[in-house]
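This report refers to the structure that appears directly beneath it.
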Amino acid sequence: MAQAQELMVSDEIAIDISNMNKWYGSFHVLRDINLKVRRGERIVIAGPSGSGKSTMIRCINALEEHQQGRIEVDGTVLSSDVKNIDKIRSEVGMVFQHFNLFPHLTILENCTLAPIWVRKIPKKEAEATAMHFLEKVKIPEQANKYPGQLSGGQQQRVAIARSLCMRPRIMLFDEPTSALDPEMIKEVLDTMVSLAEEGMTMLCVTHEMGFARQVANRVIFMDAGQIVEQNEPEEFFNNPQNERTKLFLSQILGH
Amino acid sequence: MSDAHAHSVAFVRTEVIPQSPPPAQQTGVMKWLRDNLFSSWANTLLTLVAAWLIYLILSAILPWIFNGVWNADSLTQCREILAGRTGACFAVLTERWNQLLFGYSYPRDLYWRPVLAFAIMLVAIAPVLFFDLPRKLLIVTALFPFIAFYLIWGGPILTPIVALLGCGAGYVVFNRYGKGNFAAGFFGGIATAFVVWGVGGFVVDLVRPETPWMTPVPSRDLGGFMLNMMLGVTCVSLSVPLGIVLALGRQSDMPLIKGICVVFIEFVRGVPLITLLFVASVMLAYFFPPDSTVDLFLRVVIMITMFSSAYIAEVIRGGLAALPKGQFEAADSLGLDYPQAMRLIILPQALKISIPGIVNVAVGLFKDTTLVSVISMFDLIGMIRGPILASTEWNGVYWELLGFASLLFFVVCYGISQYSQWLERRLATDHR
């Protein structure tokens with residue numbers, strides 16, 4: 001169980017969020033978030049819906065704007081400059097709840113589009129990379145199909161491969177298994193586990209507590225826009241400190 | 001065997017039942033007739049009534065068409081030949097076909113020029129419509145406007161060449177600087193094009209030959225169905241890109257751009273096309289310097305393009321709104337910049353959704369080109385209402401002429417509609 005936790009975590013800081021605040025109109029969604037992620041860390045973010053988990057990781061690649069505080073990704077401070085944002089986005093991969101594959105492109109084209117246009121990699125090379133990652137997520141035979149012809153689990157694995165084709169240094173997962181049938185959840189989680197074993201820096205918003213125990217080296221619990229508790233998974237699950245965390249864990253682990 | 005089944009619930013099939021044809025009553029023409037025409041006594045009654053009505057209509061129309069007179073000099077002569085029988089007087093078409101197609105003052109010996117332009121147009125639009133064709137054909141598409149201009153209007157060959165050079169220079173500048181800074185490339189490109197056109201226009205005037213190779217034909221001599229086709233093709237091909245720009249502008253975060261687009265769209269949509277055409281023919285002259293002669297054709301093209309681009313912008317906005325937000329986010333999260341995200345991800349999908357709407361506007365626009373007859377341009381309808389029906393020979397030949405006009409428009413519009421349905425099937429990759 002603890003094998004993944006023994007993976008190397010370097011001292012280098014990959015993401016540094018300090019004093020981040022965000023409002024939707026007058027609603028204070030994220031309150032004073034402070035988070036340092038070291039390279040190679042696998043962090044699972046849990047919490048009730050509406051607690052700001054997704055919003056927080058979406059701030060990291062500027063899909064959401066934060067109004068206060070400082071976010072530093074890979075040594076680059078996130079500013080409102082478009083070039084700066086595009087640079088950070090090309091280094092940070094993101095996997096969405098609803099896959100968000102491009103339905104008008106084949107699987108292979110989905111995977112090669114960004115490397116070709118953003119990284120300016122020759123088409124041949126991009127296709128070779130794409131096939132490499134499609135093999136890694138175990139669906140190379142689907143390369144010439146369209147997303148609509150694949151099952152949900154397959155689509156989510158393509159989405160992971162698509163992100164990996166950009167060779168990101170950090171991966172963000174926004175509830176990657178919430179829209180999947182139970183049978184398909186496993187194939188996606190397996191892919192994520194193997195990614196973690198290779199030392200990818202990962203931030204996962206997920207309700208898969210088994211995955212958190214197995215893979216994460218840190219679990220963060222959020223409620224009402226704040227980080228309420230964070231700890232190593234062992235301690236987090238067996239010995240939660242905050243009342244809200246205890247309630248949450250008792251509810252989701254109760255059955 | 002049946003005994004065995006009676007005693008136990010368990011069942012294992014040991015042989016496959018061979019395929020057999022369905023009963024004769026349930027297939028073919030008989031079944032279709034029974035299901036669709038004679039399924040009940042009420043349906044049978046309706047079928048008989050409908051058949052009777054169809055007979056009535058056809059019995060009136062068919063003799064009219066088949067007794068038609070194709071050779072006569074005037075309506076009076078037609079009637080003499082028919083001698084009281086029902087029959088159409090198609091002679092007006094054979095006698096006036098050139099006026100119907102080219103207008104009444106386009107020089108007769110130059111008809112080959114618009115016909116050639118039409119033929120080249122078919123080649124030029126093919127790679128745009130059918131993207132499986134070799135991409136090299138797009139060169140023809142890019143050159144077509146200049147070739148067509150030269151063929152139809154004639155005049156010194158330098159005019160289209162200067163126009164082409166201006167576009168080329170603008171494109172080069174845009175390509176050079178547009179990558180780093182889109183706005184700089186865009187406005188720089190436009191400025192360069194205008195500089196080239198200005199200097200070129202001066203040169204063209206300087207070396208204007210006494211007798212150019214191609215006899216110049218002024219815009220007021222254009223007419224007939226040719227004019228409708230020219231207006232339709234020009235305005236559709238201009239208003240789709242303009243509509244895309246307006247739709248994107250309306251979604252823009254920049255208040256100035258958004259404001260301009262919203263005001264333009266709402267204003268133009270709120271005004272009848274006829275009004276805009278009158279503005280083009282009468283009012284616009286007041287806004288230009290007194291000695292400048294902006295061509296009436298150009299003025300009408302500008303107005304119709306403005307009008308339909310506002311509609312197309314709204315259609316495309318609908319397509320953009322129909323795209324899930326996740327597509328924008330996925331494109332963003334991969335680090336694509338705005339032009340890339342739009343060109344590669346958003347517009348291909350939004351335009352696909354918008355195809356029926358765009359085609360709807362395009363078909364409407366094409367038919368609306370007949371409105372120019374109101375501002376005394378002699379398009380197909382203008383020719384029919386004016387010179388032909390007003391002539392002593394053909395006064396009163398309504399059905400044949402308007403039927404012919406309807407047929408021409410129907411063929412083109414039905415073609416567009418069929419094409420769009422093919423395109424939708426071709427682009428369907430969502431496998432719903």
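The values are calculated or read from the model by the stated rules, or taken from the named source; none is laboratory data. Computed from a prediction, not measured in an experiment: that's the story for all the values here. Don't worry about glycine lacking a Cβ; one is built from the backbone with ideal geometry, like all the others, and counts go over all protein chains shown. These area figures cover heavy atoms from the full protein model, side chains too; ligands, DNA and RNA do not enter into them. Shrake-Rupley method; radii C 1.70, N 1.55, O 1.52, S 1.80 Å.
From the phi of every residue in region A:71-87, what ³J(HN,Hα) in whole Hz does the Karplus formula 6.51 cos²θ - 1.76 cosθ + 1.60 yield, where θ is phi - 60° and glycine or proline is x?
Residue by residue, region A:71-87 yields 10, 10, 10, 6, x, 9, 7, 5, 10, 8, 5, 4, 4, 4, 5, 4, 5 Hz.
Let me test this: with uniform point scatterers at the alpha carbons of chain A, what is the Debye-based log₁₀ I(q)/I(0) at q = 0.11, 0.13, 0.14, 0.15 1/Å?
After summing over all Cα pairs, the log10 values are -0.59, -0.83, -0.97, -1.11.
Compute the Cα gyration tensor for region B:183-250, then decide on rounded, prolate or oblate, letting a ≥ b ≥ c be the square roots of its eigenvalues: rounded whenever a/c is under 1.5, prolate when a/b is larger than b/c in the other cases, and oblate in all that remain. Spell out each step's value before the answer.
Working: a/c = 4.78, a/b = 1.20, b/c = 3.98.
Since a/c reaches 1.5 but b/c is at least a/b, the shape of region B:183-250 is classed as oblate.
About the Cα centre of the protein assembly as shown, what is the dipole size in debye to 20, counting +1 per Lys and Arg Cβ and -1 per Asp and Glu Cβ, all else neutral? Mind showing how you got there, number by number?
Values: 55 positive and 58 negative charges, 205 e Å.
Approximately 980 debye in magnitude.
Quick check: with the 1.4 Å probe, what order do B:195, A:219 take by accessible area, largest first? Display every interim value, and only then the final one.
Details: B:195 95, A:219 0 Å².
Most to least solvent-accessible, the answer reads B:195, A:219.
Mean-square fluctuation check for chain B, GNM, Cα pairs under 10 Å: which of B:114, B:387, B:209 is largest?
Between B:114, B:387, B:209, it is B:209 that shows the largest mean-square fluctuation.
Relative contact order of region B:32-128: what whole-number percent is it, with Cα pairs under 8 angstrom and at least 6 residues apart? Please report the intermediate quantities before stating the final value.
Values: 54 pairs, mean separation 17.1, N = 97.
The value is 18 percent.
Along region B:95-112, what does the Karplus equation 6.51 cos²θ - 1.76 cosθ + 1.60 (θ = phi - 60°) give for ³J(HN,Hα), rounded to whole Hz, x for Gly and Pro?
7, 10, 4, 5, 5, 5, 8, 10, x, 8, 10, 5, x, 4, 6, 9, 4, 4
Would you calculate the separation in nanometres between label points at residue A:197 and residue B:199, each defined as 7 Å from the Cα along the Cα-to-beta-carbon direction?
6.7
I want the local charge near residue A:55. Using Cβ-Cβ distances under 15 Å, sum +1 for each Lys or Arg and -1 for each Asp or Glu among the other residues.
Numbers: positive: A:22, A:31, A:53, A:58, B:325; negative: A:32, A:64, A:65, A:174, A:175, A:223, B:329.
Overall, the nearby charge balance is -2.
Quick one: Karplus J couplings for region B:416-426, per residue in order, coefficients 6.51, -1.76, 1.60, θ = phi - 60°, nearest Hz, x for Gly and Pro?
4, 5, 4, 4, 5, 5, 4, 4, 4, 5, 5
Using a Gaussian network model of chain B with C-alpha springs under 10 Å, which one of B:400, B:95, B:15 is most mobile by mean-square fluctuation?
B:15
When Cβ neighbours within 10 Å are restricted to other protein chains, what is their mean count per residue of peptide A:84-97? Write out the running numbers ahead of the final one.
Numbers: counts 0, 3, 7, 1, 1, 7, 4, 1, 3, 3, 5, 2, 4, 1.
Whole-number average of other-chain Cβ neighbours for A:84-97 is 3.
In percent, how large is the relative contact order of region B:219-427, given Cα pairs closer than 8 Å and 6 or more residues apart?
Relative contact order here is 29 percent.
Using a 1.4 angstrom probe on the protein heavy atoms only, could you order B:398, B:419 from most to least accessible area?
On the way: B:398 120, B:419 45 Å².
If we order B:398, B:419 from most to least accessible, we get B:398, B:419.
Can you compute the FRET efficiency between residue B:77 and residue B:32 using 1/(1 + (r/R0)^6), with r the Cβ-Cβ distance and R0 = 56 Å? Round to the nearest 0.05.
So the FRET efficiency works out to roughly 0.70.
Can you find, among A:250, A:105, A:192, the residue farthest towards the positive end of the dipole of chain A? Put +1 on the C-beta of Lys and Arg, -1 on that of Asp and Glu.
Ranked along the dipole, the leading option is A:105.
Would you please state which residues of region B:92-119 a label at residue B:391 would reach in this model, taking the label point 7 Å out along Cα→Cβ and a backbone N cut-off of under 17 Å?
B:92-109
Given a 1.4 angstrom probe, I'd like the percentage of the accessible area of the protein assembly as shown that is carbon and sulfur, rounded to a whole number.
Working: 23220 of 36420 Å².
On the protein assembly as shown, the fraction of accessible area on carbon and sulfur atoms equals 64 percent.
When a/c is below 1.5 the answer is rounded, else prolate if a/b is larger than b/c, else oblate, so apply that to the protein assembly as shown with a ≥ b ≥ c taken from the square roots of the Cα gyration tensor eigenvalues.
Working: a/c = 2.85, a/b = 1.57, b/c = 1.82.
The shape class here is oblate.
Please report the accessible area of residue B:33 (heavy atoms, 1.4 Å probe, ligands and nucleic acids excluded) in Å², nearest 10.
The accessible area comes out at roughly 50 Å².
On a 1.4 Å probe surface of the protein chains, which of B:325, A:124, A:145 comes out largest in accessible area, and what is the full order? Please list the in-between numbers first.
Working: B:325 135, A:124 165, A:145 80 Å².
Order by accessible area, largest first: A:124, B:325, A:145.
With r as the distance between the Cβ atoms of residue B:258 and residue B:282 and R0 = 51 Å, compute the FRET efficiency 1/(1 + (r/R0)^6) and round to 0.05.
Working: r = 32 Å, r/R0 = 0.64.
E between residue B:282 and residue B:258, to the nearest 0.05, is 0.95.
Not counting ligands, DNA or RNA, and with a 1.4 Å probe, what is residue A:91's accessible surface area in Å² rounded to the nearest 10?
Approximately 50 Å² for this residue.
Contact order normalised by length for chain B, with contacts defined as Cα pairs under 8 Å and 6 or more residues apart; what percent is it?
16
Would you mind calculating the gained length between residue B:11 and residue B:57 on full extension (0.36 nm times residue separation, minus the Cα-Cα distance), in nm to one decimal? Display every interim value, and only then the final one.
Working: separation 46, 0.36 × 46 = 16.56 nm, distance 6.29 nm.
Value of the extension gain: 10.3 nm.
Using alpha carbons only, what's the Rg to Rh ratio of chain B with Rh from Kirkwood?
1.10
Which of A:22/B:352; A:145/A:186; A:53/A:120; B:136/B:179 have a Cα-Cα distance over 27 Å?
Numbers: A:22/B:352 37 Å; A:145/A:186 23 Å; A:53/A:120 33 Å; B:136/B:179 24 Å.
In this structure, A:22/B:352; A:53/A:120 lie more than 27 Å apart at Cα.
At what distance in nm do the modelled label points of residue B:294 and residue A:128 sit from each other, each positioned 7 Å from its Cα along Cα→Cβ?
About 5.7 nm, to one decimal.
Viscosity 1.306 mPa s, temperature 10 °C: give me the Stokes-Einstein translational D for region B:24-66 in µm²/s, with Rh taken as the Kirkwood radius over C-alpha pairs. Can you show the working numbers first?
On the way: Rh = 11.9 Å.
Answer from the Stokes-Einstein relation: 133 µm²/s.
Which FRET efficiency, nearest 0.05, do residue B:70 and residue B:269 yield, Cβ-Cβ r, R0 35 Å? Intermediate values should be presented prior to the final figure.
Numbers: r = 46 Å, r/R0 = 1.30.
E(calc), rounded to 0.05, equals 0.15.
Accessible surface of residue B:269 in the full protein assembly, 1.4 angstrom probe, to the nearest 10 Å²?
Residue B:269 has an accessible surface of roughly 90 Å² with all protein chains in place.
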